[in-house]
Amino acid sequence: MARRMDGKVAVVTGGTSGIGARTAVVFVEHGANVVIAGRSVDKGEALADRLGENAIFVRTDVTVEADVKAMIDSAVGRFGRIDCLFNNAGSGGPGGRIEDVTLADFEAGFSVLVGGVFLGIKYAAPVMKKQRSGSIINDSSIAGSRVGFGGTTYSAAKAAVNQLTKCVAMELASFGIRVNSISPGAIATPIFASAFGMDAAAADASVDAVIKHFDKSLPLKRSGLTDDIAYGALYLASDEGSFVTGHDLVIDSGISVGRTRQEQAELFQGIADAIRDGTSA
Ligand code: NAP
């Protein structure tokens, strides 16, 4: 297997679960040294132990500026540089009608989903500027550009991530730093069960059920898997993506593209039925 990240150093926030944990594994398999960041100490340390000397865990809450600064400092202290920052940490945010969302919940959602991305970029940028190279990848969502794929706060925050990505891509391009986003859709991870209020153990145990559901319901007739995003991130982090910046890489089985032929046929059949019923009445 050709190793696509040999000698590179990556920081992965939200590296304790789902997409981030799998991306950390894939990056190490491809020769990178990885800093796994997140709040769950047991999970983070267990993954770092499994990956050996090429990985460390740094307990990080991405809403806390001092934590994010320490995460970046730890990466440079241990591995000497940062070639990739994957701002992946996130959670579902509040659901419900707009009038029922509290300001505190709205701000908490933005703090993780946008503030965490902002802080990561703020502290990684000076390191990458000195190197005159780097790849920043922000985990967005198809909810950032389409309505109906997440709560209002989550969707608005992911839209902000898309624009933040483009603004910073243009600001940092002349330093050789690339800034892109990935918009996943329907990737089987604990995030759905967590958003439904389940505790961490139940959310972790929910993934197989989510896969079975998505295997039937998505256009490509299989669930999104964490590998699907990890390999998208690998492309953007590696030199293969060296001419790509300001881009949003959508990885979603096509669900944000539009209706499948079958869904369109059912819609049109409904219209035809309504016309027939209306004209025959
Ligand atoms: P997940 O398995 O629930 O993982 C979420 C990760 O974010 C965990 O590692 C969690 O770690 C971390 N996190 C949450 N709040 C944090 C905070 N304040 N500080 C540091 N880390 C924090 O979910 P996932 O599906 O892999 O989600 C990863 C990213 O993909 C998110 O940004 C999500 O919005 C995005 N995404 C996912 C999908 C999908 O279909 N799964 C679709 C679109 C976008 P700790 O609990 O240890 O802190």
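What to note about this one:
- Electrostatic dipole magnitude of the chain [Cβ: Lys, Arg +1; Asp, Glu -1; Cα centre; debye, to 20]: 720 debye
- Degrees between helix 207-217 axis and first principal axis of the chain (Cα, 0 to 90, nearest 10): 40 degrees
- Taking each DSSP H run with n ≥ 4 as -39500 (n - 2.57) and averaging over every residue of the chain yields -15500 deg cm²/dmol at 222 nm.
- Cα long-axis angle, helix 226-237 against the chain (0 to 90 degrees, to the nearest 10): 50 degrees
- Axis of helix 152-172 versus longest Cα principal axis of the chain: the two differ by about 50°, to the nearest ten degrees.
- Taking Lys and Arg as +1 and Asp and Glu as -1, the other residues whose beta-carbon sits under 13 Å from that of Ala159 total +2.
- Taken along its three principal axes, the alpha carbon spread of segment 190-281 comes to 63, 41, 20 Å, from the longest extent down to the shortest.
- Under 22 Å between alpha carbons - lysine pairs in the chain that sit 8 or more apart or on different chains: 15
- Here the relative contact order of segment 39-174, from alpha carbon pairs under 8 Å that lie six or more residues apart, stands at 24 percent.
- Relative frequency of Cα-Cα separations exceeding 15 Å in segment 160-233, percent: 65 percent
- Accessible surface, 1.4 Å probe, highest first, among residues Leu249, Leu225, Leu119: Leu225, Leu249, Leu119
- Restricting the chymotrypsin sites (Phe, Trp or Tyr not before Pro) of segment 208-281 to loop positions (DSSP other than H, G, I, E, B) with no more than 12 neighbouring Cβ atoms within 10 Å leaves Phe243.
- For segment 1-68, the equivalent ellipsoid derived from the alpha-carbon gyration tensor has semi-axes of 20, 12, 10 Å in decreasing order.
- The chain: projected area of the alpha-carbon convex hull, averaged over directions, in nm²: 17.4 nm²
- Stretch gain in nm, segment Phe196-Gln264, where the contour uses 0.36 nm per residue and the Cα spacing is subtracted: 21.5 nm
- Among the protein heavy atoms, those of Thr245 account for about 50 Å² of accessible surface (1.4 Å probe, every chain in place).
- In the chain, the portion of solvent-accessible area held by carbon and sulfur atoms comes to 56 percent [1.4 Å probe, whole percent, DNA, RNA and ligands not counted].
The values are calculated or read from the model by the stated rules, or taken from the named source; none is laboratory data. Just so it is clear, the structure is predicted and the values come from calculations on it, not from any experiment. Reconstructed Cβ throughout: ideal geometry from the backbone, glycine too, with neighbour counts over all protein chains shown. Ligands, DNA and RNA are stripped out before the accessible areas are found, and what is left, the full protein with its side chains, is counted by its heavy atoms. Shrake-Rupley method; radii C 1.70, N 1.55, O 1.52, S 1.80 Å.
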